[in-house]
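Working notes, structure below.
The values are calculated or read from the model by the stated rules, or taken from the named source; none is laboratory data. Everything numeric in this text was worked out from a predicted model, so none of it was measured. Quick reminder, even Gly has a Cβ in these numbers, built from the backbone with ideal geometry, and neighbours come from all protein chains shown.
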């Protein structure tokens with residue numbers, strides 16, 4: 001890997017003599033079947049990727065932070081997903097794909113070839129959304145998601161913020177009209193989830209403003225905004241009321257047409273296996289992933305049983321009694337983890353890593369803490385490792401300091417989540433919880449839920465289970481798990497691009513394989529801190545290509561070069 005492909009973090013490490021350069025094998029080029037040998041240069045690939053990001057999502061490409069929906073679209077202008085607009089998107093995407101197929105990748109070094117595979121996978125992901133997932137015509141939630149978060153606005157608002165809020169609210173009526181025109185092949189699970197989310201609090205409230213009594217669904221949040229407008233900004237009342245009336249009409253339309261909304265939500269086996277290979281760049285089929293997930297679930301339950309036996313005479317961990325006590329536990333946990341990472345030479349903490357927020361806020365719920373809170377309120381360690389340091393928030397700050405035009409703007413979900421899950425049990429084995437035996441149990445509980453997701457995520461996409469059946473499957477197998485968290489997670493993993501839920505555990509297994517490969521190659525020269533630092537410096541590309549970059553082993557990536565047609569197109 002050259003200096004130009006490193007993050008600023010690794011430029012600093014290299015200057016200090018701490019960066020272990022990639023092996024000379026990186027200069028070698030792959031000659032696998034299907035590798036493009038066209039006329040496009042590496043600079044052409046960089047230009048193409050920038051154009052693709054700008055076309056797909058200008059705000060995100062420019063690293064601004066607009067209000068966003070689950071589909072990744074900004075909500076200040078609701079995009080048109082009518083037949084003509086979708087056909088134009090497909091045409092433009094085909095132009096991007098023709099250009100990427102004409103790259104002279106065969107003559108590039110390994111790091112650039114790895115970036116090519118990652119970039120092409122992003123084009124294939126968008127191809128899949130346009131031609132298989134088709135959320136604008138199959139999923140009412142595609143529109144419901146865009147209706148929600150504008151209600152979180154803090155009133156009063158002035159100037160540009162007021163103009164933006166008015167524009168978003170006024171456009172709700174056209175968003176509803178577009179939904180009713182476009183939703184021609186709605187899946188039953190999607191319809192039920194949309195009706196539920198319009199009328200019922202999800203019981204979790206990821207990122208929602210706190211309310212002692214959570215508003216009942218999207219319509220409830222419009223009532224909340226309406227009440228606040230009456231009290232704090234009456235000039236908005238009519239606009240909010242009109243938007244709410246449009247959404248009520250959409251709910252009435254969904255209920256009236258629900259009987260005919262009987263499509264299947266999952267994408268089916270052929271399409272899902274294609275997605276795993278071409279988009280996620282995973283070296284496993286859906287059948288193999290189910291086996292891996294079940295085996296991991298058995299392993300973690302066995303370890304949990306042994307740990308519970310070992311700790312049988314110790315007091316149970318108690319839930320924090322107040323926000324102040326919980327905040328103190330978080331502060332102590334953060335210091336403990338940071339000191340451990342430094343003292344035990346686990347990973348470099350760059351100077352720009354400052355205080356990082358927690359992932360699970362203090363909330364008092366009428367029915368008691370949910371699954372995440374049951375764990376975190378007892379001890380913040382599991383999710384602090386996964387989602388704070390050196391997990392997601394740490395990982396995200398490092399990425400924001402990466403100005404590489406490809407590696408700094410491309411994130412694999414399995415890489416991000418696999419790294420987070422790897423840290424949970426990985427730091428247990430590295431010694432972080434040697435004097436915290438009951439915390440080790442919490443680590444295994446987290447792992448159990450991640451592993452239980454794996455087969456269920458596959459079964460959702462293969463239409464072998466419904467959301468309600470997955471909820472039952474998870475609750476039966478996961479300590480502390482409540483129905484609300486289970487339902488919200490099932491919805492997320494059914495409605496996100498396929499395979500996100502399985503990426504936690506399968507990504508962790510890929511991380512463990514990478515660690516094993518590098519240790520076996522380096523033998524007594526292996527240094528864990530160098531391994532983690534080099535890994536972080538390669539960005540958040542799919543783990544299979546990172547493994548190839550770090551080890552030269554091509555047994556996984558050789559199968560990715562030859563692109564197969566998307567099923568059904």
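Quick test of your reading of the structure: residue 438 fulfils all but one of (1) over 29 Å from residue 390 (Cβ atoms); (2) surrounded by fewer than 18 Cβ atoms within 10 Å (Cβ to Cβ); (3) touching a residue at least 40 places away in the same chain (Cβ under 8 Å). Name the failing condition by number.
Residue 438 satisfies every listed condition except (1).
Which condition number does residue 487 fail, the rest of (1) out of contact with any helix residue (DSSP H, G or I) (no Cβ under 7 Å at 6 or more places or on another chain); (2) farther than 19 Å from residue 278 by Cα being met?
Result: residue 487 fails condition (1) only.
If I go through the range 393-421 residue by residue, how many of them are under 15 Å from residue 538 (Cβ atoms) and part of a helix (DSSP H, G or I)?
11
Return yes when residue 187 is buried (at least 20 other Cβ atoms within 10 Å of the Cβ), within 27 Å of the chain's Cα centre (by Cα) and more than 30 Å from residue 261 (Cβ to Cβ) and no when it is not.
no
For the range 123-161, which residues satisfy the criterion of being surrounded by fewer than 21 Cβ atoms within 10 Å (Cβ to Cβ) and without any contact (Cβ under 8 Å) to a residue 60 or more places away in the chain?
Of everything in the range 123-161, those that are surrounded by fewer than 21 Cβ atoms within 10 Å (Cβ to Cβ) and without any contact (Cβ under 8 Å) to a residue 60 or more places away in the chain turn out to be 130, 134, 137, 154, 158, 159, 160, 161.
Condition check: in contact with a helix residue (DSSP H, G or I) (Cβ under 9 Å, 6 or more places away or on another chain) and either at positive phi or outside the structural domain of residue 367 (by TED's automatic domain parsing) (or both). Does residue 203 satisfy that?
Answer is yes for this residue.
Just checking, how many residues over the range 269-296 are part of a helix (DSSP H, G or I) and either touching a helix residue (DSSP H, G or I) at 6+ places or on another chain (Cβ under 7 Å) or farther than 26 Å from residue 477 by Cα (or both)?
Looking only at that region, the number is 17.
Would the range 119-130 turn up any residue that is assigned to a helix (DSSP H, G or I), modelled with pLDDT of 95 or more and over 20 Å from the mean Cα position of the chain (by Cα)?
no
Working only within the range 452-464, note down all residues that are part of a loop (DSSP other than H, G, I, E, B) and either farther than 18 Å from residue 285 by Cβ or within 21 Å of the chain's Cα centre (by Cα) (or both).
Correct list: 462 only.
Would you check which residues across the range 473-500 are in a helix (DSSP H, G or I) and within 30 Å of residue 130 (Cβ to Cβ) and list them?
Passing the criteria: 487, 488, 489, 490, 491, 492, 493, 494, 495.
Among the candidates 138, 158, 167, 149, which residue alone is at pLDDT below 95 and more than 21 Å from the chain's Cα centre (by Cα)?
Step by step, each of 138, 158, 167, 149 is checked, and only 167 is at pLDDT below 95 and more than 21 Å from the chain's Cα centre (by Cα).
Go through (1) assigned to a loop (DSSP other than H, G, I, E, B); (2) surrounded by fewer than 18 Cβ atoms within 10 Å (Cβ to Cβ); (3) touching a residue at least 24 places away in the same chain (Cβ under 8 Å); (4) more than 21 Å from the chain's Cα centre (by Cα) and name the single condition residue 357 misses.
Against the list (1) assigned to a loop (DSSP other than H, G, I, E, B); (2) surrounded by fewer than 18 Cβ atoms within 10 Å (Cβ to Cβ); (3) touching a residue at least 24 places away in the same chain (Cβ under 8 Å); (4) more than 21 Å from the chain's Cα centre (by Cα), residue 357 comes up short only on (4).
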